Amino acid sequence: MKFLPYCLLLIFLTSCSVQRKPVVAGEIPLQGDLNPQEIEYGAQVFNQLAAEYPMEEDLALNSRVRKIVTRLSNAASGNNGGNPWHVYVFKDDNFKNAAATRGNYIFVWTGILNTTESDHQLATILAHEVSHVLANHTTPTSGEAANQIIAGSSGQVASSVLAASGQYYGIANIAGQLTSALMQGLIVNPGSQRLESEADTIGLFLMAKAGYNPQAALDFWNQVRQDPNFGGASISFLSTHPSSEARIINIEKYLPQAQILYHKSRK
């Protein structure tokens, strides 16, 4: 019974929160001007990550990632300049991940770079992260903040259960890597599969507008659907990320529309 007031408070926060207006499929949100607080926030995230991971010094690899982000950001801003993006590559071949946070900061680990087979597939990952920022997913509502508390507790339990059973999944790996409360608060945590799916959809059209073949998104998720680092359908309820199968269904739904945009961008 001692947990009842806590649970009622979380329910109250969730029910009273202002809900985000969903982004219509096919639209790419326009980003307003950044304020100094957002840029400082992103810098704090970078400093925390830089203390945990070595920087990748391969200039060609860094240039490859930055060029893709530049093409994506130009497509999002209509080549009108827009806000600058801060792109950093960390060296950890076992960590297959990318992340984004406020202030237009993008972080990529070499593990995910080694997993992608082309710039088009890498654009799938980077467009997803850029889309989180464009759609303002990095600024949680009060309801999402409450859900993050729940997800954080559930994530700790899930990690313990999976570790005890001798199984390895990406969610357990991430929980192990980002142990401090500060890190968990600073890194973008959209907190719901709906926002993750929305970032997938926005990213599909963003990469198409930037001249990257959206078919690569479908190819990539089919390629990694059996990789436990990306979470199989059996544990999708433990994660804020949709399963690969759910992502594939979503991408297939909008792929024909995105292909039209892609072919227009190539003319």
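The stretch between Asn74 and Lys91 holds 3.5 nm of extra length on full extension. This uses 0.36 nm per residue minus the Cα-Cα distance.
For Lys264, the lysines whose Cα falls under 19 Å of its own Cα, not counting residues fewer than eight places away in the same chain, are Lys209.
Amide H contacts for Val87 (H built 1.01 Å from N in the peptide plane; partners 5 or more residues away or on another chain; cut-off under 5 Å): Ile106.
Annotation: aspartates and glutamates with alpha-carbon distance below 14 angstrom to Lys91 (same-chain offsets under eight excluded): Glu52, Glu56, Glu57, Asp58.
Counting only aspartates and glutamates at least 8 places from Lys253 when in the same chain, those with an alpha carbon closer than 12 Å to its own are Asp200.
Could you rank the peptides 249-260, 127-138, 87-98, 31-42 by their average count of other C-beta atoms within 10 Å per residue, with the highest value first? Please list the in-between numbers first.
Details: 249-260: 16.2, 127-138: 24.6, 87-98: 18.1, 31-42: 13.9.
Ranking the peptides 249-260, 127-138, 87-98, 31-42 by packing returns 127-138, 87-98, 249-260, 31-42.
Computed from the coordinates by the stated procedures, all read-outs in this text should not be read as laboratory data. From a predicted model like this one, the values you see are computed outputs, not experimental measurements. Because the Cβ atoms are built from the backbone with ideal geometry, glycine has one as well, and the counts that use them run over all protein chains shown.
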